[in-house]
Amino acid sequence: MTKRTSRRSFLGSASAAALGLTAAPLLTKKAAAQSAPAAPPVPVQTIPAEKLAALVEAAHKKPGNTDLADGKGTPITMVLTNEVSKAAAEFEYHQHRDHIFQILDGETTYYLGGTPKTPRETKPGEFLAPDSEGAKAHELKKGDYIFIPRMTPHKRVTKASVTFILTSATSN
């Protein structure tokens, strides 16, 4: 004798996901309000093109760093930098930090990758090495971006002048 399966018994045994159902319609207003995202830890920051142009102009007059997003309350920092005739003495790399560089003006060379020689940890998760065997040169100019993932040895050499935005993302 064949056992008959009714729709009711099928629906009772099928998973909600298999049936295309979600729990969202079943949430009460109170539960939905409790699941609403919390306010961001820092306010939204907008940098209009005019303000960025003024910051770049100021950086050309006085090379250095200007914080655009300081990382307080968020794992992201953004810094506008202008440097003239500067070369890193050593390669650096980070266990918990990725970098994105956007070249706004000028040009620079990044030496990336390879195997660090005689590295040392300067603080937890931060490393320096005098050389990185097999590092490759990357010439960057105005308009270029470069992403440097964590644990990638890198150093920058600027022969003339470069202005860039560095965005760093930190996680554990």
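Restricting attention to region 59-78, the residues that are under 18 Å from residue 142 (Cβ atoms) and not in a loop (DSSP other than H, G, I, E, B) add up to 2.
Taken as a whole, region 57-74 holds no residue that is among the aliphatic types (A, V, I, L, M) and either closer than 19 Å to residue 150 by Cα or loosely packed, with under 13 Cβ neighbours inside 10 Å (or both). Figure legend. Inter-residue proximity from region 131-146: first residues in contact (Cβ under 8 Å) with a residue 12 or more places away in the chain, second residues not in a strand (DSSP E or B), beta-carbon distance below 6 Å, spacing 6+ or different chains. Indicated pairs: 132/114; 132/153; 133/114; 134/114; 135/113; 135/114; 136/113. All conditions but one from (1) in contact (Cβ under 8 Å) with a residue 60 or more places away in the chain; (2) farther than 23 Å from residue 56 by Cα apply to residue 165; the one that does not is (2). Screening 152, 170 for residues that are in contact with a His (Cβ under 6 Å, 6 or more places away or on another chain), surrounded by 12 or more Cβ atoms within 10 Å (Cβ to Cβ) and polar (S, T, N, Q) leaves exactly one candidate, 170.
Listed here are the strands (runs of 3 or more DSSP E) enclosed by region 85-134 that have at least 1 residues being at pLDDT 95 or above and surrounded by fewer than 18 Cβ atoms within 10 Å (Cβ to Cβ): 97-112, 115-117, 120-123, 126-129, 131-133. Within region 41-66, residues that are modelled with pLDDT of 90 or more reach partners that are part of a helix (DSSP H, G or I) and surrounded by 11 or more Cβ atoms within 10 Å (Cβ to Cβ) with beta carbons closer than 7 Å, at six or more positions or on different chains, in the pairs 66/55; 66/59.
The values are calculated or read from the model by the stated rules, or taken from the named source; none is laboratory data. The structure displayed is predicted, hence computed values, not measured ones. Cβ atoms come from the backbone with ideal geometry, glycine included; neighbour counts cover every protein chain shown.
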